[in-house]
1. Looking at the stretch A:53-76, which of its residues are surrounded by fewer than 19 Cβ atoms within 10 Å (Cβ to Cβ) and assigned to a strand (DSSP E or B)?
2. Can you name the residue in the stretch B:15-56 that is within 14 Å of another protein chain (Cβ to nearest Cβ), out of contact with any Ser or Thr (no Cβ under 7 Å at 6 or more places or on another chain) and buried (at least 17 other Cβ atoms within 10 Å of the Cβ) and is also modelled with the lowest pLDDT among such residues?
3. For the stretch B:83-184, list the strands (runs of 3 or more DSSP E) that sit wholly inside it and hold at least 1 residues that are small (G, A, S) and touching a residue at least 40 places away in the same chain (Cβ under 8 Å); which are they?
4. Taking B:P206, is it surrounded by 19 or more Cβ atoms within 10 Å (Cβ to Cβ) and either within 17 Å of the chain's Cα centre (by Cα) or of a type outside the set (F, W, Y) (or both)?
5. Of everything in the stretch A:53-76 that's under 19 Å from the mean Cα position of the chain (by Cα) and at pLDDT below 90, which residue is farthest from the other protein chains (Cβ to nearest Cβ)?
6. Before we move on, is B:L177 touching a helix residue (DSSP H, G or I) at 6+ places or on another chain (Cβ under 8 Å) and crowded, with 21+ Cβ neighbours inside 10 Å?
7. Among (1) hydrophobic (A, V, I, L, M, F, W, C); (2) in contact with a helix residue (DSSP H, G or I) (Cβ under 9 Å, 6 or more places away or on another chain); (3) exposed (fewer than 15 other Cβ atoms within 10 Å of the Cβ), where does B:A213 come up short?
Amino acid sequence: MTAVVPGHAPIGAGRPAAPRDGLRAAAALTVERVDGRPRIRWTHAWPVVLRPTGAEQVHLVHGAGGPLGGDVLSLDVRIGASASLTVRSAGATMVQPGRGEGPARWDATVAVGAGGHLDWAPEPTVVTDRAEFLTSLRVTLDAGASALVRELVVLGRHGRTGGAYRGHLAVTLDGRPLLAHTTVLDGADPALSGPAGSGGARAIGTLLTAGADRYPVGAGEWPGVRWTWTALEGPGAVLLAVGDPGAVTAVLDDAALMIARSGQDGTDLAAPAHS
Amino acid sequence: MHRDDLMAAHTHAPLAAGPAGPLRVGIGGPVGGGKTALVAALCRALRDELSLAVVTNDIYTEEDAEFLRRHGVLPDDRIRAVRTGCCPHTAIRDDITANLDAVEALEARHNPDLVLVESGGDNLTATFSYGLVHAQIFVLDVAGGDKVPRKGGPGVTRSDLLVINKIDLAPLVGADLEVMRVDAEKVREGRPTVLVSLREQPDAAPIVEWITAQVRARRA
């Protein structure tokens with residue numbers, strides 16, 4: 001028998017690089033109004049760890065590195081009538097290749113009851129070189145419900161090209177589809193990262209406002225980023241921003257602030273064209 | 001098991017202090033810059049007017065918590081130590097659960113107005129998750145060299161307050177305080193910076209003033 005001295009050999013030395021079984025975990029969370037007060041209930045499913053950090057706020061915490069290739073992780077959220085939930089994450093999501101079979105998967109579904117509100121804005125997702133990430137967020141809004149969804153995908157760490165990403169964002173409002181949007185990126189694919197794709201940009205930001213009476217319009221360009229708002233076939237609009245991570249973040253911050261302010265004074269934003 | 005039965009295991013009711021709860025302030029920065037000295041100074045200055053609690057982070061030990069207990073800056077049970085067992089920034093920025101456990105235990109027991117979370121000494125990129133704290137202070141010292149603010153990194157550029165400590169050592173280590181002040185101003189885009197010597201100014205007055213304003217803003 002060979003004694004193993006901790007720290008003596010590099011981690012993983014001598015071990016065969018066999019495919020590893022990915023992690024499978026499904027977490028769930030419900031927020032409701034009980035006697036006018038919010039109540040959050042949830043299940044942990046490591047490594048998808050949920051921590052309430054406010055009366056109507058929860059932070060997602062990665063209880064392990066990754067996600068890695070082969071991981072299949074999901075979250076099911078239900079927001080009761082007139083309740084609201086703010087979802088954030090503790091840190092950025094670093095998607096890495098690992099030794100698992102197939103891509104890493106992260107799927108979230110959120111059902112929002114009448115008059116409820118979802119504010120979904122996790123920290124950025126970084127898809128590192130050679131990693132593959134398949135992700136979806138499906139939001140079902142009942143009549144009078146609303147949502148603000150913010151996502152930022154970064155291809156690779158600083159100075160790298162990044163891996164493959166396929167993200168689906170689907171929203172229905174009162175039974176009618178409002179948005180079905182898929183973003184396909186691959187830093188190592190010359191076509192997808194070329195002029196017809198991400199155009200050499202490392203970051204792609206999305207901001208969706210759904211069920212909102214008023215929303216920003218237009219398009220623009222700042223150093224390091226270009227963006228455009230698209231009105232949806234229903235109450236809402238989606239902002240896409242493409243460029244450097246810092247500049248895209250600034251555009252998303254600015255847009256989110258504009259939306260938050262309009263909720264207070266209602267004067268900043270354009271009225272939707274279809275109303 | 002049914003979804004609702006599973007969820008009965010974890011139910012979150014709003015804190016007694018109301019949805020706002022206490023202000024949580026993270027204190028980070030490189031090893032030896034004066035984070036623990038700052039925590040001690042803040043406790044001495046604020047403990048008579050505010051209910052305080054402290055969480056410290058060290059890799060393997062409870063050194064910083066023991067320092068604070070030994071100096072009697074707060075009752076022992078208002079100080080909790082987290083042993084990260086790993087790079088300190090992992091425990092304050094990524095998997096924040098151990099720190100949240102410590103903070104929530106202190107909140108449940110003492111209902112404090114202010115919780116200080118001291119990071120283990122780390123590098124210029126170490127920042128706190130805003131799931132753990134509401135505001136963060138980054139502590140540098142002059143002896144680390146006057147080029148440090150210029151180097152930037154999220155700790156220097158994004159912290160809510162940058163403290164440059166040990167200004168009394170500037171002539172001894174050949175550091176130019178004006179260079180540090182101007183560089184910090186440039187990279188921080190209007191966020192405040194304080195130059196101080198906690199040894200010569202143990203009341204930490206400018207930092208106390210900043211933190212008091214934060215507590216007041218949270219209560220409002």
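1. To start, the set of residues in the stretch A:53-76 that are surrounded by fewer than 19 Cβ atoms within 10 Å (Cβ to Cβ) comprises A:63-65, A:72, A:74, A:76.
Answer for the stretch A:53-76, where residues must be surrounded by fewer than 19 Cβ atoms within 10 Å (Cβ to Cβ) and assigned to a strand (DSSP E or B): A:V72, A:S74, A:D76.
2. So the residue we want is B:L15.
3. Values: elements: B:114-118, B:135-141, B:161-165.
It comes to B:135-141.
4. Values: surrounded by 19 or more Cβ atoms within 10 Å (Cβ to Cβ): no; either within 17 Å of the chain's Cα centre (by Cα) or of a type outside the set (F, W, Y) (or both): yes.
Answer is no for this residue.
5. A:G66
6. Working: touching a helix residue (DSSP H, G or I) at 6+ places or on another chain (Cβ under 8 Å): yes; crowded, with 21+ Cβ neighbours inside 10 Å: no.
Answer is no for this residue.
7. Condition (2) is where B:A213 drops out.
To keep it simple, each residue is scored yes or no on (1) at pLDDT 95 or above; (2) among the β-branched types (V, I, T); (3) within 30 Å of A:A260 (Cα to Cα).
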position: A:R78; (1), (2), (3): yes, no, yes
position: A:A104; (1), (2), (3): yes, no, no
position: A:V110; (1), (2), (3): yes, yes, yes
position: A:A114; (1), (2), (3): yes, no, yes
position: A:H117; (1), (2), (3): yes, no, yes
position: A:D129; (1), (2), (3): yes, no, no
position: A:E132; (1), (2), (3): yes, no, no
position: A:D142; (1), (2), (3): yes, no, yes
position: A:A147; (1), (2), (3): yes, no, yes
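The values are calculated or read from the model by the stated rules, or taken from the named source; none is laboratory data. Computed from a predicted structure; not experimentally measured. No Cβ is skipped: glycine too gets one built from the backbone with ideal geometry, and neighbour counts run over all protein chains shown.
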